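Here the structure comes first, spelled out in structure tokens, and everything after it is commentary.
The values are calculated or read from the model by the stated rules, or taken from the named source; none is laboratory data. All values derive from a computational prediction rather than experimental measurement. No Cβ is skipped: glycine too gets one built from the backbone with ideal geometry, and neighbour counts run over all protein chains shown. To get the accessible areas, we keep the full protein, side chains included, count just its heavy atoms, and leave off ligands, DNA and RNA. Shrake-Rupley method; radii C 1.70, N 1.55, O 1.52, S 1.80 Å.
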Amino acid sequence: MFDFSIVTQWFDALLRDTLGLGDFWSILIECVIVGVLILVGYALLAIALIFMERKVCAYFQCRLGPMRVGPWGLLQVFADVFKMLIKEIFFVDRADKLLYAVAPILVIIGSVGAFGFLPWNKGAGVVDFNVGIFLLTAISSIGVVGIFLAGWASNNKYSVVSAMRGAVQMISYEMSLCLCLITAVILTGSMQISDIVETQTGPWQWLIFKGHIPAIIAFLVFLVAGNAEANRGPFDMAEAESELTAGHHTEYSGMGFGFFYLAEFLNLFIIAGVATTVFLGGWAPVNIGIGAFDQVMNYIPGIVWFLGKSFFIVWLLMWIKWTFPRLRIDQILKLEWKYLMPLALLNLVLMTIVVAFGLHF
């Protein structure tokens, strides 16, 4: 498995030693390059996910989806992006203009910040602190504030109802998400994302195998809670088009609406990426203890493994969205507080017992 830190160390030595730049300019240039790469990857993944959503939706509804712009509709998303960029940006009368303008920025900051924690390859993690899981959950929670501010500042009763629904739903399901991540932290003994992936690099060492029943339960609860956290169907009561038009972003246009749209799809990928990282080995290949097979699997780049696993989970969550009917808000909260959170708490105790007595593989 190629270690991408070789490239980063070479580039850092090039700036400091070969070009003779000091610490300040070397770090500044590296931060700018990393920031640009994150934004470019963010945009490209958003385009791919929007296209994938349309085609998966069409498949489940026995139709073709967008087909007119470009071969097989491949350029339709680019046409939509161009249209969104040139649309007029307006402000609502009697709205709180400051909060109205800040809300989409907060949503995109929370999404991009969480996106930076994903480990794409060995040595290619952008943000890798010793409390990475804690910071990931903290930064991703910023989006809740943006959604609530968007509804409140729009001076629209439907947007306010949507904001309240979205805030209470996301805050509620964060409980189960965090409990599932703590379950994985107990099994791996570390909150650092790179350490969590490194513990899964051996044969049958993915956490869903290594932690067996408690890890599988945590993985399934994480998928359900993550789907709700991303405001995806059947948990999309915050946007419920039949009741609230477009929800909290009803009064937004142009890139103000575009930021909410991008964050929704990238939050879906972030949930899939975190599930891949914590439970499915991240960039670690499939190793089963057979030398020749494992050697071939190790030749496949880590980023291919990470993207393949993540897109599989994305496809699974899209399947759920276009298969199950939308839940009522009382059903959504009942599912969390009466079933998922107690199950996650019991599972956390079970994982603690498994680790304490060495019952894991």
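Excluding same-chain neighbours fewer than eight residues apart, the lysines reachable from Lys122 by a Cα-Cα span under 20 Å are Lys309.
Summing Cβ point charges (Lys, Arg +1; Asp, Glu -1) relative to the Cα centre of the chain gives a dipole of roughly 960 debye. When all protein chains stay in place and ligands, DNA and RNA are ignored, the 1.4 Å accessible-area order of Trp322, Trp337, Trp72, Trp206, largest first, is Trp72, Trp337, Trp322, Trp206. Pairs of alpha carbons in region 11-104 separated by more than 14 Å make up 79% of all such pairs. Taking Cβ atoms as reference points and 13 Å as the exclusive limit, the residues near Ser111 contribute a net charge of -2, counting Lys and Arg as +1 and Asp and Glu as -1.
The accessible surface of the chain, taken with every protein chain in place and a 1.4 Å probe, is 74 percent carbon and sulfur.
In the chain, which helices (entire DSSP H runs) extend 30 Å or more along their own long axis, judged by Cα positions, while averaging at least 0.5 on the Kyte-Doolittle scale? Span-like helices here: 23-60, 157-188, 254-279.
Take the Cβ-Cβ distance between Val349 and Val304 as r, set R0 to 45 Å, and report the resulting FRET efficiency rounded to the nearest 0.05. The formula returns an efficiency of 0.75 here. With a 10 Å cut-off between alpha carbons and a GNM built on the chain, which of Ile290, Ile139, Ile313 moves the most? It is Ile290.
Mean separation of Cα pairs under 8 Å and 6 or more residues apart, divided by the residue count, gives the chain a relative contact order of 22 percent.
With a threshold of 21 Å on the Cα-Cα distance, the over-threshold entries among Lys97/Lys157; Lys83/Lys321; Lys210/Lys334; Lys210/Lys338 are Lys83/Lys321; Lys210/Lys334; Lys210/Lys338. Per residue, the accessible area of the chain comes to 49 Å², computed with a 1.4 Å probe over protein heavy atoms only.
A cut-off under 9 angstrom between Cβ atoms defines the neighbours of Ser26, and their net charge, with Lys, Arg +1 and Asp, Glu -1, is -2.
Could you identify which residue out of Phe24, Phe219, Phe209 has the top mean-square fluctuation in a GNM of the chain using Cα springs shorter than 10 Å? The residue with the greatest mean-square fluctuation here is Phe24. Simple spin-label estimate for Glu243 and Cys31 gives 4.4 nm between the two label positions (7 Å along the Cα-to-Cβ direction from each Cα). For the chain, the Kirkwood hydrodynamic radius comes to 21.8 Å, computed from all pairs of different C-alpha atoms. Work out the FRET efficiency for Ile288 and Leu64 from their Cβ-Cβ distance, taking R0 = 35 Å, and round it to the nearest 0.05. Efficiency for this residue pair is about 0.35. Work from the charge dipole of the chain (Cβ charges, +1 for Lys and Arg, -1 for Asp and Glu, about the Cα centre) and give the residue of Phe311, Leu345, Leu335 farthest towards its positive end. Looking along the dipole axis, the top candidate is Leu335. Comparing mean-square fluctuations of Ile27, Ile171, Ile133 from a GNM of the chain with C-alpha springs under 10 Å, the top value falls on Ile27.
Rounded to the nearest 500, the helix-only mean residue ellipticity at 222 nm of the chain stands at -21500 deg cm²/dmol, with each DSSP H run of n ≥ 4 adding -39,500 (n - 2.57).
Only the Cβ atoms of Lys and Arg (+1) and of Asp and Glu (-1) were treated as charged; on that basis the dipole of region 269-354 about its Cα centre amounts to roughly 360 debye. Could you tell me the distance between the Cα centroids of region 115-151 and region 260-279, to the nearest Å? Comparing the Cα centres of region 115-151 and region 260-279, I get a distance of 10 Å.
The label point for Ala43 and the one for Trp322, both projected 7 Å from the Cα toward the Cβ, are 2.7 nm apart.
The modelled label-to-label distance between Asn130 and Ile216, using points 7 Å beyond Cα along the C-beta direction, is 3.6 nm.
By the scheme Lys and Arg +1, Asp and Glu -1, what is the net charge of all other residues having a beta-carbon under 9 Å from that of Ile271? Spell out each step's value before the answer.
Details: positive: Arg232; negative: Glu229.
Net charge around Ile271: 0.
Compactness check for region 173-325: Cα Rg over 2.2 N^0.38 Å is 1.18. Taking 0.36 nm per residue of separation and subtracting the Cα-Cα distance, what length does fully extending Asp330 through Cys57 add? Full-extension gain reported as 95.6 nm.
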